[in-house]
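Everything below concerns the one structure shown next.
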Amino acid sequence: MLRVERADLDRLREIRAEWNHLVAAMARPSTFSTWEWIEAWWRHFGDAYEPVLLHFYRGETLVGILPLASRWMIVEDAVLPTRTLHYCGSGELGSDHVDLIASPSDAPECLAAAATYLQRGFRDWDLLHLSHVAEDSRLLEWAEGNTIPFPVDSRVVSAAPYVDLSSGFDAYRMSLRKKRRKELEDLAGQLFGRMGLEYWKCDPGEAKNAVRQLFELHRLRAASLKRGTVFEGERLIRFHEDVTVRLQQQGQLRLRFLRQRGLPLAAWYCFECHGRAFAYQTGMDPAWEKYSAGNLLLYEVIRESSEEGLKEVDLLRGGHYKSRWTKRSRALSNINVYNDTALARLARWGTQWRAGFVQAVKQRLHRPRLQGSKGEIAS
């Protein structure tokens, strides 16, 4: 049987190598579970949270980590705030594909130990909220199984399209429609050829400045579309300045720009983690929207990823345009696990009542209307 320890932040800072070794052993590793991402989140956003970093040991060997943080908050459709556990970084950073950090062989035992610990060893929580968990994750399998000793609600909230590069870039390119291929080829000829744009890879010494440029391009495009964005604010900028330097040192940063005479026009902010690229955020000068500069940049990111031997580019959640690049996607779910407390029961009741009310309204609005012989609505 595994031993569970609730680690503090000092312990977190001591185990970088062990942590990332477990990330590498995951069935589907992601940047959002790495030590660099989680530790930087604690330094920049952790002042509002209490650490609930669950470490799982077999003897003296660390075999699993479930990095949780606790705070009072209102989640989704809940009526009142609850003592909520959530995956570190999933709120402020919009992390997708969060999962237990363990090998597939150790995951079931780790999650069984986590359930026992949350039921008996650590009771100061009402709701465990896991956001944008992938359909093939160990956490979703656990939550929807029949061994978890708590009430659980889960629902699909989004999808993460991904580009499969396992057969190489040429095979992917030929999977696109002929018209789409020609559009991209003509676009490359126009922008790289006649207009003199360059595809620029962020230099190690320029990561922090490049992050500022990314945020500004993102702000400009959001303003031109008259849309709000959560990708803003000095604290978030400082987090990304910090984490890009660390990921650059690990060879995992993929911050790419289209530039003209050194001036950045479009950006894609991506990460590489164990054979997969994650396309996390984008930005573009609105003046270059009409030239589809963002499309050409993403096409080049996909090409580069294939040339470097990566097998997949995950486009993550959001953006209807992403479906133009691939027909493949993974469903992303939100999971709520409820403790046996009064607040938890009230939270679940409120969520279920609201969901039922919304469904009833939708059914009423979409109810077929009967018509009489002259087209009038029959009573």
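Taking segment 49-75 only, how many residues are within 19 Å of residue 124 (Cβ to Cβ) and either modelled with pLDDT of 95 or more or among the charged types (D, E, K, R) (or both)?
Final tally of qualifying residues: 14.
Yes/no matrix, rows are residues, columns are (1) under 13 Å from residue 335 (Cα atoms); (2) in a helix (DSSP H, G or I):
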| position | (1), (2) |
| --- | --- |
| 94 | no, no |
| 108 | no, yes |
| 115 | no, yes |
| 120 | no, yes |
| 123 | no, no |
| 129 | yes, no |
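Testing residue 29 on (1) under 16 Å from the mean Cα position of the chain (by Cα); (2) surrounded by fewer than 18 Cβ atoms within 10 Å (Cβ to Cβ), one condition comes back false. Which one is that?
(2)
Against the conditions (1) over 23 Å from residue 132 (Cβ atoms); (2) in a helix (DSSP H, G or I); (3) touching a strand residue (DSSP E or B) at 6+ places or on another chain (Cβ under 8 Å), where does residue 5 fall short? Just the number, please.
Going through the list (1) over 23 Å from residue 132 (Cβ atoms); (2) in a helix (DSSP H, G or I); (3) touching a strand residue (DSSP E or B) at 6+ places or on another chain (Cβ under 8 Å), residue 5 breaks only (2).
Residue-wise test of (1) more than 17 Å from the chain's Cα centre (by Cα); (2) of a type in the set (S, T, N, Q); (3) farther than 19 Å from residue 147 by Cα; (4) surrounded by fewer than 17 Cβ atoms within 10 Å (Cβ to Cβ).
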| position | (1), (2), (3), (4) |
| --- | --- |
| 60 | yes, no, yes, yes |
| 66 | no, no, no, no |
| 72 | yes, no, yes, yes |
| 76 | yes, no, yes, no |
| 86 | no, no, yes, no |
| 94 | no, no, yes, no |
| 100 | no, no, no, no |
| 111 | yes, no, no, no |
| 114 | yes, no, no, no |
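Quick one: which residue in 326, 341 is open to solvent by 10 Å² or more (accessible area, probe 1.4 Å), under 30 Å from residue 117 (Cα atoms) and hydroxyl-bearing (Ser, Thr, Tyr)?
Within the list 326, 341, the selection yields 341.
When you scan segment 143-155, do you find a residue that is open to solvent by 100 Å² or more (accessible area, probe 1.4 Å) and touching a residue at least 40 places away in the same chain (Cβ under 8 Å), even just one?
So far as segment 143-155 goes, yes, one or more of its residues are open to solvent by 100 Å² or more (accessible area, probe 1.4 Å) and touching a residue at least 40 places away in the same chain (Cβ under 8 Å).
Exactly one condition in (1) in contact (Cβ under 8 Å) with a residue 12 or more places away in the chain; (2) surrounded by fewer than 17 Cβ atoms within 10 Å (Cβ to Cβ); (3) under 19 Å from residue 245 (Cβ atoms) is not met by residue 209; state its number.
Status for residue 209: all satisfied but (1).
Does residue 291 satisfy being more than 21 Å from residue 43 (Cβ to Cβ), modelled with pLDDT under 95 and open to solvent by 30 Å² or more (accessible area, probe 1.4 Å)?
no
For segment 248-275, which positions are within 21 Å of the chain's Cα centre (by Cα), open to solvent by 20 Å² or more (accessible area, probe 1.4 Å) and of a type in the set (Lys, Arg)? It would help to see each step written out before you state the result.
Restricting attention to segment 248-275, the residues satisfying the condition of being within 21 Å of the chain's Cα centre (by Cα) are 248, 250-256, 267-275.
Within this subset, residues satisfying the condition of being open to solvent by 20 Å² or more (accessible area, probe 1.4 Å) are 248, 250-252, 254, 272, 274-275.
Correct list: 254 only.
I'm checking my understanding of the structure. Among residues of segment 237-247 that are in contact (Cβ under 8 Å) with a residue 60 or more places away in the chain and open to solvent by 10 Å² or more (accessible area, probe 1.4 Å), which one is farthest from residue 286 (Cα to Cα)?
246
Output the qualifying pairs, or none if there are none: Cβ atoms under 6 angstrom, residues six or more apart or on different chains, first residue in segment 315-330 and touching a residue at least 24 places away in the same chain (Cβ under 8 Å), second residue part of a loop (DSSP other than H, G, I, E, B).
From residues that are touching a residue at least 24 places away in the same chain (Cβ under 8 Å), the pairs are 316/96; 317/96; 322/315; 330/135.
Would you point out the residue of segment 119-142, among those that are closer than 21 Å to residue 74 by Cβ and of a type in the set (A, V, I, L, M), that is surrounded by the fewest Cβ atoms within 10 Å (Cβ to Cβ)?
130
Within segment 274-288, is there a residue that is modelled with pLDDT of 95 or more, closer than 19 Å to residue 202 by Cα and not in a strand (DSSP E or B)?
yes
Out of all the residues in segment 176-190, is one or more open to solvent by less than 60 Å² (accessible area, probe 1.4 Å), under 14 Å from residue 295 (Cα atoms) and out of contact with any helix residue (DSSP H, G or I) (no Cβ under 9 Å at 6 or more places or on another chain)? Walk me through how you get there before you give the answer.
The initial filter retains those residues of segment 176-190 that are open to solvent by less than 60 Å² (accessible area, probe 1.4 Å), namely 176, 180-181, 184, 187-190.
Remaining after also requiring under 14 Å from residue 295 (Cα atoms): 176, 180-181, 184, 187-190.
With the extra rule that they be out of contact with any helix residue (DSSP H, G or I) (no Cβ under 9 Å at 6 or more places or on another chain), the set shrinks to 189.
For segment 176-190, residues open to solvent by less than 60 Å² (accessible area, probe 1.4 Å), under 14 Å from residue 295 (Cα atoms) and out of contact with any helix residue (DSSP H, G or I) (no Cβ under 9 Å at 6 or more places or on another chain): present.
Go through the residues of segment 12-24 one by one and say whether even a single one is open to solvent by 10 Å² or more (accessible area, probe 1.4 Å), touching a helix residue (DSSP H, G or I) at 6+ places or on another chain (Cβ under 9 Å), aromatic (Phe, Trp, Tyr) and modelled with pLDDT of 95 or more.
So far as segment 12-24 goes, no, none of its residues is open to solvent by 10 Å² or more (accessible area, probe 1.4 Å), touching a helix residue (DSSP H, G or I) at 6+ places or on another chain (Cβ under 9 Å), aromatic (Phe, Trp, Tyr) and modelled with pLDDT of 95 or more.
Which is hydrophobic (A, V, I, L, M, F, W, C) and within 16 Å of residue 300 (Cα to Cα), of 258, 214, 236?
258
The values are calculated or read from the model by the stated rules, or taken from the named source; none is laboratory data. Nothing here was measured: the structure is a model prediction, and the numbers come from that model. For neighbour counting, all protein chains shown are included, and Cβ atoms are generated from backbone atoms with ideal geometry for every residue, glycine included. Keep in mind that these areas ignore ligands, DNA and RNA; they rest on the heavy atoms of the full protein, side chains included. Shrake-Rupley method; radii C 1.70, N 1.55, O 1.52, S 1.80 Å.
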